[in-house]
Amino acid sequence: MTDALISPAIPKPLPQSESPAKLAILASGNGSNLEAIAAAIDREDLNATIQVVIYNNPDAQVANRASDRGLPAVLLNHREFDSREALDRAIINAVKDHDAEWVIMAGWMRRVTEVLINAFSKRILNIHPSLLPSFPGIRAVEQALTAGVKVTGCTVHYVELVIDSGPIIMQAVVPVQPDDTLQSLQTRIQTQEHRIYPAAIAIA
Ligand code: GAR
């Protein structure tokens, strides 16, 4: 059973005549999902523009990726904010300052509050490396390996207050192989993330 056989059929891109969805990408680390979304836009598989990349770790690789692509990037270091709500208010300002309408959490490792959720109701998406509602929270791939599940995968969903909850937009299934390591499983899950995130944004 290959991953491709049980992955969802990706819908055809929408006609490009509609105005592009204006995205703010929130990321904490590597930024491979940012790259996948940007590549889908370049291929015209996703009618969108990335207005801004917001990141919270000064050393995050995603900042280099944004710079290589000439995308505006804003560092909001969570350590410099008194509360989660204060960080969320700064996020809202950065999103609005860059004229973005959608908040796309792509490896954003901070809990968000109702301040952000109320500001962009139904316009905040997240990707998570498991078949939700299984294995929410941190180290989802490790949780799946430890549980001994035979299939896992990834989920794109609308963000609600409870972490990794909210209506599911798209999932892809990844079989767990007997000799899988954390790294090998993570790599195959990410391959599927890069397929479904742009497709899910296109239909959200
Ligand atoms: C992705 O695998 C994403 O699913 C996960 O962080 C990774 C970021 O990768 N997100 C979560 O675990 C959120 N709960 P990237 O920085 O290479 O896009």
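We did not get these values from a lab; they are worked out from the coordinates using the rules stated. Since the model is a prediction, treat every value here as computed from it, not as a measurement. Cβ placement follows ideal geometry from the backbone for every residue including glycine, while neighbour counts extend to all protein chains displayed.
Things to note:
- The modelled label-to-label distance between T187 and R79, using points 7 Å beyond Cα along the C-beta direction, is 3.2 nm.
- If you plug the beta carbon distance of D42 and A86 into 1/(1 + (r/R0)^6) with R0 = 35 Å, you get a FRET efficiency near 0.50.
- Peptides 99-111, 168-180 ordered by packing proxy, namely the average of other Cβ atoms within 10 Å per residue, highest first: 99-111, 168-180.
- A convex hull fitted around the alpha carbon atoms of the chain yields 117 Å³ per residue.
- Where both bridge residues fall in the range 87-204, DSSP classifies roughly 80% of the beta bridges as antiparallel.
- Remark: spin-label model distance D179-D97 equals 5.1 nm, labels positioned 7 Å along the Cα→Cβ axis.
- In this structure, V151 and D59 have a Cβ-Cβ separation that, at R0 = 35 Å, corresponds to a calculated FRET efficiency of about 0.55.
- Rounded to 5, percent antiparallel among DSSP beta bridges of the range 16-162: 20 percent
- Each label was represented as a point 7 Å from its Cα along the Cα-to-Cβ direction; for V115 and R69 these points are 2.7 nm apart.
- For the range 104-204, size of Cβ-based charge dipole, Lys and Arg +1, Asp and Glu -1, in debye: 200 debye
- Between the range 25-44 and the range 126-204, the Cα center-to-center distance that results, in Å: 17 Å
- Binned Cα-Cα distances of the range 65-133, short to long, each 10 Å bin given as a whole percent: 17, 51, 28, 4
- Helix content alone sets the calculated 222 nm mean residue ellipticity of the chain: runs of n ≥ 4 DSSP H residues at -39500 (n - 2.57) each, divided across all residues, give -10500 deg cm²/dmol.
- Relative contact order (%) - criterion: Cα under 8 Å, at least six apart; region: the chain: 22 percent
- Mean sequence separation of contacting Cα pairs (under 8 Å, at least six apart), scaled by the length of the range 82-131, corresponds to a relative contact order of 44 percent.
- In percent, rounded to a whole number, the relative contact order of the range 156-204 is 34, using alpha-carbon pairs under 8 Å and six or more apart.
- Neighbour net charge for N30 - beta-carbon separation under 15 angstrom, K R +1, D E -1: -2
- Listed peptides 151-157, 130-136 by packing density, highest first (mean Cβ within 10 Å): 151-157, 130-136
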